[in-house]
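J.: A single structure is presented below for examination.
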Amino acid sequence: MKKLVGIMIFSAALVLSGTNALAGDPSPHVSSLAAPAPSDETTNRLESESDIAKIYLIKHRMTMELGSDKTKANLDGVEVQVDPASLRDGHMYISLRTLKLSGAAASVGWDAQKQEAAVTMKPELSPSWQKLIFRAGSSGVIRPNGNPLEGAAIPELFLSEGRVYIPVKSLSLLGIAATTDQGRLVLEWSEKFIELTKQLQETEGTQATFSVLYQQEMYTPQILTSYGSGAWGGGTGRQTGSGIALDGRIYNRMEYTVELRPGVNPLRLYAVSAGAVDFSVTRTVEHSEQIPVSFTEQGSEYVELLLPESGYVKLNAGEELTLAGGLKKAGSGLDELTIIQQRYESKRNDSGKPGYKTINTAALPISDGEFNGKISFPEPGDYLLQVYSPRYIPMPESEPASILWAELVVKVE
């Protein structure tokens with residue numbers, strides 16, 4: 001079914017009802033992964049059993065004396081051979097070779113036929129643009145998709161003695177700060193790292209609590225919880241430590257508590273300017289029949305699900321799941337539900353990261369206020385089934401929108 005590709009999800013609708021709605025339990029149970037509440041004596045200790053990651057940066061600095069005969073530079077305190085920086089028509093230039101030697105660029109290249117220079121920076125720099133293309137005779141910059149970068153007017157590149165030179169002005173787009181100081185060109189940049197120091201694996205709890213160390217001069221990281229295929233949400237947690245001296249850096253410690261669905265729970269540690277790293281926690285459930293279906297606030301008002309009776313269903317590959325129930329409220333336009341079937345991919349999905357991938361979208365008709373249909377599960381895996389409403393949410397200058405009503409987890413073996 002293709003007509004629901006544009007389903008609009010309201011963030012408010014994703015807040016599932018109850019004290020522990022995502023987990024489906026009436027009361028929270030803190031995971032065995034959780035650390036004890038920090039005290040004044042332990043808040044600033046160097047390491048904690050609850051730490052799962054460390055976020056830090058490594059700064060770099062390269063200085064070059066200006067002059068056509070200056071072929072040496074200082075890179076992080078080490079002397080290196082470079083091509084001289086060039087001043088032309090009042091603009092400073094650096095060669096592609098020097099940029100590659102700096103270690104900031106992952107690759108540089110020159111296409112003689114197209115008369116184009118391509119620069120790809122290391123992802124650890126988290127630049128505004130990881131790759132840009134410069135074309136001879138053009139004062140603009142080209143994005144990887146071949147379109148010009150709007151508002152990026154720079155001097156043209158030039159070739160000299162077999163070297164390709166690009167304007168220093170363009171380096172800010174690539175994550176490098178450039179200045180001149182007393183006859184020297186100074187280039188500064190930093191590499192940002194998110195290092196997972198411990199893997200969270202399994203727990204029986206409905207919550208997991210853990211902490212993250214991040215370097216003080218960096219932004220506070222966030223933990224994001226998967227709402228399903230391509231949708232994430234979360235918060236910043238709470239700071240439980242500061243001024244922690246470790247490996248020559250000063251860190252703060254943030255603590256996070258996340259609600260867990262039964263089964264696998266994709267999580268994402270995100271930091272501004274440092275990117276993200278994905279991991280997962282699996283909540284094991286001994287008595288799956290005791291897990292209720294999770295409803296959003298709107299879903300609990302509108303729909304009743306009679307089958308399945310549990311919000312965590314275990315099946316064998318090839319079996320079908322019956323979805324049956326009825327509406328609590330009547331209304332015009334409440335003609336069908338949309339069932340989005342997603343499977344957890346531990347390695348790669350369409351976004352190139354682990355997480356849920358939508359494998360099927362099906363319409364479940366509503367007749368006389370009731371519905372009954374089957375969803376097949378031909379392959380083993382961890383599945384998330386999301387039940388979306390009919391399109392009854394009015395939208396300005398647009399057709400009505402659909403909203404999440406309920407979700408359940410299916411384990412197929």
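Throughout, read-outs are computed from the coordinates displayed, never taken from laboratory work. The model shown is predicted, which means the values in this text are computed figures rather than measured ones. Cβ atoms come from the backbone with ideal geometry, glycine included; neighbour counts cover every protein chain shown.
J.: By average Cβ neighbour count within 10 Å, what is the ranking of 75-88, 271-284 from highest down? Let's see the in-between values first.
T.: On the way: 75-88: 15.4, 271-284: 17.4.
Sorting 75-88, 271-284 by mean packing, highest first, produces 271-284, 75-88.
J.: Grab the other residues whose beta carbon is less than 9 angstrom from that of PRO84, score K and R as +1, D and E as -1, and report the net.
T.: Working: positive: LYS70; negative: GLU65, ASP69, ASP83.
Neighbourhood net charge equals -2.
J.: Compute the distance in nm between two label points, each set 7 Å from the Cα along the Cα-to-Cβ direction, one at GLU301 and one at SER273.
T.: 4.3
J.: Now a separate question. Considering only VAL293, VAL108, VAL387, give the residue with the highest GNM mean-square fluctuation for the chain, with springs between Cα atoms whenever their separation is below 10 Å.
T.: Highest fluctuation of the listed residues: VAL108.
J.: Continuing with the same structure: Take the alpha carbon atoms of the range 110-177, find their center, do the same for the range 225-271, and report the distance between the two centers in whole angstrom.
T.: Result: 36 Å between the Cα centres.
J.: Go through the range 246-326 and name the GluC sites (Glu not before Pro) that are in a DSSP coil and have 16 or fewer other Cβ atoms within 10 Å of their Cβ. Intermediate results must be reported in sequence, preceding the final value.
T.: Working: sites: GLU255, GLU259, GLU286, GLU289, GLU297, GLU301, GLU304, GLU309, GLU319, GLU320; in loops: GLU286, GLU309, GLU319.
Within the range 246-326, the qualifying GluC sites (Glu not before Pro) (loop, at most 16 other Cβ atoms within 10 Å) are GLU286, GLU309, GLU319.
J.: Could you list the trypsin sites (Lys or Arg not before Pro) in the range 346-413 that lie in coil according to DSSP, counting only those with at most 12 other Cβ atoms within 10 Å of their Cβ?
T.: On the way: sites: LYS347, ARG348, LYS357, LYS374, ARG391, LYS411; in loops: LYS347, ARG348, ARG391.
The qualifying sites are LYS347, ARG348.
J.: For the pair ALA112 and ALA177, how long in nm is the line joining their label points, each one 7 Å along Cα→Cβ?
T.: 4.0
J.: For a label point 7 Å from the Cα of SER138 along Cα→C-beta, name the residues of the range 162-197 whose backbone N is under 17 Å from it.
T.: 165-167, 170-171, 173-174
J.: Something else about it: For SER398 and ASP69, what is the calculated FRET efficiency with R₀ set at 45 Å and r taken between the beta-carbons, to the nearest 0.05?
T.: Values: r = 65 Å, r/R0 = 1.44.
Using R0 = 45 Å, I get an efficiency of 0.10.
J.: Sticking with this one: Given a cut-off of under 8 Å on Cα pairs at least six residues apart, what relative contact order in percent is computed for the chain? Can you show the working numbers first?
T.: Values: 984 pairs, mean separation 67.4, N = 413.
This gives 16 percent for the chain.
J.: Follow-up. In nm, what is the difference between 0.36 nm times the number of residues separating GLU309 and GLN216 and their Cα-Cα distance?
T.: 28.6 nm
J.: I need the calculated FRET efficiency for the pair ASN145 and SER242, taking r as the beta carbon distance and R₀ as 45 Å, to the nearest 0.05. Please list the in-between numbers first.
T.: Details: r = 43 Å, r/R0 = 0.95.
Efficiency for this residue pair is about 0.60.
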